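Report on the structure given below.
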Amino acid sequence: MTITTIAPADLKLSPLNVRKSKRQHIKALADDIAAHGVIHNLVAYKHGKGFAVVAGGRRLEAIRLLQKEGRLPDDFAVPVSIRSKKEAVELSLAENQSRDDMHPADAIEAYGKLAADGLASDDIAARFGVTPAHVNRILSLADLHPDIRAALAKDDIGLDAAKAYTLTDDQERQLRLFGEFGNSAHMVRNALTDDKIATDSALFDLVPLAQYIEAGGTITRDLFSGDEGGFADTADLVWSLVQQRLEAVREEWLADGWPEVEIVERQPDNFYSLNHIRPQGLRDLTEAEGARLSELEGKAEAITEADSEAEVWNNAELRAIDDELGGIEKARRYYTDEQKADAKVIMFLGYNGALTIQPMCLRKAKRSKKADDRKPERFSRKLAEAMHRIKLLVVREAVASSPEFAFDLMLAALIEDRLAYGINSPLALRTNVRPVQVDENLLAGVTMIDVEEEADKSLAVLNRENVLEQLASLDAAKKRDLFACLIAVLIDPSSALPADILQRLGIDMSAKWRPDKAFFARMTKASLLDLLREECDEAAAQNCHKLAKPELAEEVARRLSENGWLPPLLHGA
């Protein structure tokens, strides 16, 4: 290594310089050099009669700007570290990695040169303080069609779109899609994966990926996914294996004594009005279960003694204990032979391939012929409206977290509006939607994003006079998040929220909200006792019928929390 001074006229920017994207802040850098001199030397290698600069290109441009303005003499001495050509490129890359993020196009070319020189991904990663996975991702971008790489270098497309094109190795196909979709990562990704199945699909809970691969299936890895997932290329093979597994599960249930087990194509439209049955048998605790039960109850007692206000909804440790107790209770339950004799089991795949198995009683409940015998509605109109608003809040949160679904929802609304029947459509989005308000007591202990508040925060930083200009400079990921948040806010509270929307979002309502004492306190005592009869048994109702309304509401909340009960109005979520 040699450090010397060289006149600017003998220096030129090397074609190997790893930073070739737009150079910014040259004027500010020139002012700093004029005031303080060149603090960091340039890096160059001998090239022809002069020297080629691979690190310090912006400093060289700033020096030439100062000479042009007459602020530096033509023979100004520039400090330069002379290196070999190969060593100079590596130093250039290291310098740019350590200062500010390199433009992806620069990193592609730089890593590619080092890989071409025989360096393994691990070696490149070690030299520049990044992970081997990062190196492999950058190198995968090097395999893009040259036109797409050029567009990335010129910022005609963003990094997200470039990542999407890596889902195929076929450069001709990449180019065709580039001509059709350009910078739309969403459309490119859909086009390349429409006939494939994501490896995070619940289908692979039924059929392990290893089994699919052993059967001859292949995987397209998505190197840019957070969990290094990908897509199963042969959807027909996946479905064939799934069907075999479903048949095997069906045989297992038949062997367990169920007279009829049917695999249906999808969730029946009347699924939640069918006569579902719950296990009525209760086996004795095993020795291990009994010991664990005593241990958990002791822990819960110690927590409540230390903090008299601690309850399941406001104490994470108590909540975990309650969940484990519920799991022990659930494991003890079984369907009796009497239940099986008059029952049928249906099996179907729900959203994202999740398997649902539901036994139901075939005997219809007897109905009184007298109108006077009809029971009043279990939930008041006010409570039913509150449940609908709770469901809406959960749906809005899910939509705000899924820009792709928000895009589809907006597109569906526009299509229906264009076809002239969107005015009453449940998909309609309203720009004059009023805030959704739910009694705070019904949301106690619930952790949920306030989508309206998040939308207001995002909009507060925008100037209404030049919104379009601000959006043009906004990061693509932030734009997607803002779009999803605003679409979520526009969902009409009066909407019926079609089941296909809820299924596609894959919402587990019981994970977001559960009825508690405050909820059951809004029901009549008669309705609470009827609920105990249905969900527990007659003995439970008889045991509780003398309790005052507040104590009864608390007892119902405790008992029904054990089986994850939800009001029917929330089953669609």
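Quick notes
- So GLU297, is it modelled with pLDDT under 95, surrounded by 11 or more Cβ atoms within 10 Å (Cβ to Cβ) and of a type in the set (D, E, K, R): yes
- Of the residues making up the stretch 440-472, those that are of a type outside the set (A, V, I, L, M, F, W, C) and either touching a residue at least 60 places away in the same chain (Cβ under 8 Å) or more than 19 Å from PRO403 (Cβ to Cβ) (or both) are GLU440, ASN441, GLY445, THR447, ASN463, ARG464, GLU465, ASN466, GLU469.
- Selection from the stretch 41-66 of residues that are touching an Asp or Glu at 6+ places or on another chain (Cβ under 9 Å) and surrounded by fewer than 17 Cβ atoms within 10 Å (Cβ to Cβ): LYS49, GLY50
- Qualifying positions in the stretch 451-473 - assigned to a loop (DSSP other than H, G, I, E, B) and either surrounded by 13 or more Cβ atoms within 10 Å (Cβ to Cβ) or outside the structural domain of SER401 (by TED's automatic domain parsing) (or both): LEU462
- Condition met for ALA150 (small (Gly, Ala, Ser), in a helix (DSSP H, G or I), at negative phi and surrounded by 18 or more Cβ atoms within 10 Å (Cβ to Cβ)): no
- Residue within the stretch 248-271 that is surrounded by 12 or more Cβ atoms within 10 Å (Cβ to Cβ), more than 31 Å from the chain's Cα centre (by Cα), assigned to a loop (DSSP other than H, G, I, E, B) and of a type in the set (A, V, I, L, M, F, W, C) present: yes
- Helices (runs of 4 or more DSSP H) wholly inside the stretch 284-360 that include at least 1 residues being in contact with a strand residue (DSSP E or B) (Cβ under 9 Å, 6 or more places away or on another chain): 316-332, 337-341
- The single condition among (1) under 22 Å from the mean Cα position of the chain (by Cα); (2) in a loop (DSSP other than H, G, I, E, B); (3) among the aliphatic types (A, V, I, L, M) that ILE157 does not meet is (1).
- Single unsatisfied condition, PHE231 versus (1) within 36 Å of the chain's Cα centre (by Cα); (2) surrounded by 15 or more Cβ atoms within 10 Å (Cβ to Cβ); (3) modelled with pLDDT of 95 or more: (3)
- Evaluation of VAL130 against (1) in contact (Cβ under 8 Å) with a residue 24 or more places away in the chain; (2) assigned to a helix (DSSP H, G or I) (one fails), failing number: (2)
- No other residue among VAL130, VAL135 is at negative phi and crowded, with 18+ Cβ neighbours inside 10 Å apart from VAL135.
- Any hit, the stretch 170-181, residues being among the aliphatic types (A, V, I, L, M), assigned to a loop (DSSP other than H, G, I, E, B) and either out of contact with any Cys (no Cβ under 6 Å at 6 or more places or on another chain) or at pLDDT below 85 (or both): no
The values are calculated or read from the model by the stated rules, or taken from the named source; none is laboratory data. Only a predicted model underlies this, so the values are computations on that prediction, with no experimental measurement involved. Neighbour counts run over all protein chains shown; Cβ positions are idealised from the backbone, glycine included.
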